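Remarks on the structure that follows.
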Amino acid sequence: MSAETDDSGVLRSILPPEQVDRAFETCDNHGWKLLVAGAVVGVLPPLLGLEAGYFMTVLTEMYLFGVLALSWDIVGGQTGYPSFGNMAFFGIGAYTTAILTKDFAVAFPLAFLSAGVVATAFALIIGLIVLRLRGHYFAIATLGVLLAAQQVSRNLSITGGASGKILLQTPPGEVFYYVFLGILVLEAAVIYYLSSTRFGFVLNAIRDDEAKATAMGFNTTYYKTAAWGLAALFTGAAGGAYGLFNTFINPQTAYNAAWNVELIAMALLGGSGTVVGPIIGAFGLHTVIEIVESYAVGWQLVLLGLAIIGTVIAIPEGIVGALREYASEMDYYERGGMAATDETDAEPSDDGAPTGGDPQ
Amino acid sequence: MAATQFVVNGLLVGALFAGIAVGFALIWGVVDIINLAHGEMVMLGGYTSYWTLTLITGNAEGSPLLFLATIPVAIGAMFVVGYALQRVLVSRVIGTDIFLTLLVTFGASIAIQQLALQAWSANPRAIQVSFANPSLTIAGIVVPKMKLVAFVGAIVLTAALYLFLQRTRTGRAIRAVSQNPEAAALVGIDVERTRAITFGVSSAIAGGIGAFVATILNIQPQMGLIYTLKSFVIVVFGGVGSIPGALVGGLLLGSVEELVAGFISTRWTLAVSFSLLIVLLVVKPKGLFGEGVSE
């Protein structure tokens, strides 16, 4: 992962280095406070009288995508196994809740929890197979899993076939607002906690050099399967809630391959391998997509494709990655990097415009 | 008896899959990326042929010769698109994380697909060729004439690619780059240009076959992903970088799909293909003919 971010020139003109530096120090030391603050801010809107309606729905969807992007990042960003099939867990979760609540009259909370469990069970079985693959092969195999799951759902009768299921008896919209916010906060807390434990370190070690991690005596299969299961748990739960939130699911919406790309783009745009990056990316990109959806119907996927291409080419490390790079560069610059001429610092100004890549 | 009929159908369609997969395998082998926009080249090729024919005749119907005349147009257009795709996008991410190359081509695939959707709507379209009916019957087996034409066309295009790679100077350069880009550069081959030509040629073959697809199956803007994945199945089966492998793989995949469609139901063909992909990846990732590539 050699960083070719020579964007420091543009960034330096926008953000004073000390502030960026300080912000990241703050984040590192006070991540939990940040998380609690975020949760409190998240809880406020309905209490302050924001009625169920358009903005409420947009916020709810933002949290949903936050969960999806963060879940993808556990395996894609932290462990380095780029999955194109996470939406399979989502779809399985969605169908689990739909079938349980509609055909078996199970109460929503129980159905919702089952969705996470069923998706995790599926992930562990599939994981045993696909996690043996790496790189291209893994990416395509997971895409195959997603499409196979979609086809199977389309052909079974219990899932309602191609026409799907309509779910009319659903909890009110506010419930989903808190459900998705809750999953997101819980997930961020879990990942933040794990990133300071051996579990998190081993995941990153697998990403950087799996052979070496194995040689050091870690059972990498166990770690990556666990990460995969964890991603499925949250994705499946989100899918379980989404089915009822949307009041309708069919194979197309439940196993949405375009969403799968969208959530990867979110994680990458924000900065994969971090906790805050995928969330920033999800909120930012969803806002943009929402705006495009309102003003230029039908073009949001064109934009998505272009956004992905732009991100990958301009800021492959994502917003957080680019900022962090910049901060550490400044650190180096100020505390003893003076003797050696750093090449990235030497010619920072010949950079194209797209770096700014609006964070929100 | 029915089984023979299904296998014949499968072989006829399988040649198209094989031709598409050959291009996919070539890009994988030479440029070392998985081009997730490969299926879009098939789609665009089909549309190019469709619109060229419409331009000439007013509706997408024509004599066999007129239809065949549109194929060079599709091939030429797709060469340009493929060449540009490599030059403008892919060359910027080569050598970085493979995941980024996947994302760039997937991004291109989505953008192309959605632009096509905006331009031409989601309605499936097909090219009508006037001599298609009635079908031939050989020894009790029904052979639709257009499928036969498409079969021959796909084989011819694949063979032309093979000869191009074996006999021409550019072809040799392509093979050299696939084996060792650094060494190729040392002996004076312009690696970047060779890669762009590879991309162009692969896309051109896919586009040409897309025109045949438009005569026997439908074309619509979102068809691409399925063809990309089928190509992947075929290449994994046949082995990366092996044209005979891709040919055998394509014919086999076609037959398996037709057998599933015939004996079970057409609804299960895709599920079976994708499951086959996963099984193959796990059981035999190096393929039948491939020597195995490092990841």
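The values are calculated or read from the model by the stated rules, or taken from the named source; none is laboratory data. Source: prediction; values computed, not measured. All Cβ positions, even for glycine, are placed from backbone atoms using ideal geometry, and neighbour counts span all protein chains on display. Each accessible area value is taken on the protein alone, full model and side chains, heavy atoms only, with ligands, DNA and RNA left out. Shrake-Rupley method; radii C 1.70, N 1.55, O 1.52, S 1.80 Å.
The table that follows gives values for the structure above.
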read-out: Phi-based couplings in Hz for the stretch B:39-56 (Karplus 6.51, -1.76, 1.60; Gly and Pro marked x); value: x, 5, 5, 4, 4, 5, x, x, 5, 4, 4, 4, 6, 4, 4, 4, 4, 7
read-out: Peptide A:145-158, shielding by other chains (average Cβ, 10 Å cutoff); value: 4
read-out: Shape category assigned to the stretch B:2-283 from the gyration tensor of Cα positions, a/c cut at 1.5; value: prolate
read-out: Global geometry of the stretch B:138-215, whether rounded, prolate or oblate, following the gyration tensor of its Cα atoms and the 1.5 cut on a/c; value: prolate
read-out: Estimated vicinal HN-Hα couplings, Hz - the stretch A:68-84 in sequence order (Karplus 6.51, -1.76, 1.60; Gly, Pro = x); value: 5, 5, 5, 5, 4, 5, 4, 8, x, x, 7, 9, x, 10, x, 8, 9
read-out: Pairwise centroid distance, computed over Cα atoms, of the stretch B:86-158 with the stretch A:223-300, Å; value: 29 Å
read-out: Global geometry of the stretch A:51-138, whether rounded, prolate or oblate, following the gyration tensor of its Cα atoms and the 1.5 cut on a/c; value: oblate
read-out: Amide H contacts under 5 Å for A:Leu167, placed H, 5+ residues apart; value: A:Phe248, A:Ile249
read-out: Degrees separating the helix B:169-179 axis from the principal Cα axis of chain B, which is the longest one; value: 70 degrees
read-out: Sequence-separation-based contact order of chain B, relative, with Cα cut under 8 Å and 6+ spacing, percent; value: 38 percent
read-out: Size of charge dipole - the stretch B:65-190 - debye, nearest 20, with Cβ of Lys, Arg +1 and Asp, Glu -1, no other charges; value: 320 debye
read-out: Nearest 10 degrees, 0 to 90: helix B:64-84 Cα axis against chain B principal axis; value: 20 degrees
read-out: Accessible surface, the protein assembly as shown, averaged per residue in Å² (probe 1.4 Å); value: 41 Å²
read-out: Residue-by-residue Karplus 3J(HN,Hα) for the stretch A:153-158, coefficients 6.51, -1.76, 1.60, Hz, glycine and proline x; value: 4, 5, 9, 8, 8, 5
read-out: List of the stretch A:287-335 residues, accessible area with partners at least 20 Å² below that of the chain alone (1.4 Å probe); value: A:Gly298, A:Trp299, A:Leu301, A:Val302, A:Gly305, A:Ile308, A:Ile309, A:Val312, A:Ile313, A:Pro316
read-out: Total accessible area lost when A and B pair, probe 1.4 Å, Å² to nearest 100; value: 3700 Å²
read-out: Over chain B: helical MRE at 222 nm, DSSP H runs n ≥ 4 each giving -39500 (n - 2.57), nearest 500; value: -24500 deg cm²/dmol
read-out: Solvent-accessible surface ranking, highest first, for B:Asp97, A:Asp73, A:Asp208 at 1.4 angstrom; value: A:Asp208, B:Asp97, A:Asp73
read-out: Under 30 Å from A:Lys212, Cα to Cα: lysines that are on another chain or at least 8 residues apart; value: A:Lys224, B:Lys284, B:Lys286
read-out: For the protein assembly as shown, share of DSSP beta bridges that run antiparallel, in % to the nearest 5; value: 75 percent
read-out: Computed accessible area, B:Val279, all protein chains, 1.4 angstrom probe, square angstrom; value: 80 Å²
read-out: Full-stretch length increase - B:Asn123, B:Asp190 - with 0.36 nm per residue and alpha-carbon distance subtracted; value: 19.9 nm
read-out: Accessible area (Å², 1.4 Å probe, nearest 10) - A:Thr120; value: 30 Å²
read-out: Exposure of A:Asp331 as accessible area (Å², to 10), given a probe of 1.4 Å and all protein chains; value: 50 Å²
read-out: Accessible carbon and sulfur surface of the protein assembly as shown relative to its total accessible area, %, 1.4 Å; value: 65 percent
read-out: Furthest towards positive pole of dipole, B:Val8, B:Val22, B:Gly254, structure part the protein assembly as shown, Cβ charges; value: B:Val8
read-out: A:Trp299, B:Trp268, B:Trp28, reordered so the largest accessible area comes first (probe 1.4 Å); value: A:Trp299, B:Trp268, B:Trp28
read-out: Inter-label distance for B:Gln5 and A:Gln252, nm, one decimal - labels placed 7 Å from Cα along Cα-to-Cβ; value: 3.3 nm
read-out: Degrees, to the nearest 10: B:145-167 long Cα axis against longest axis of chain B; value: 20 degrees
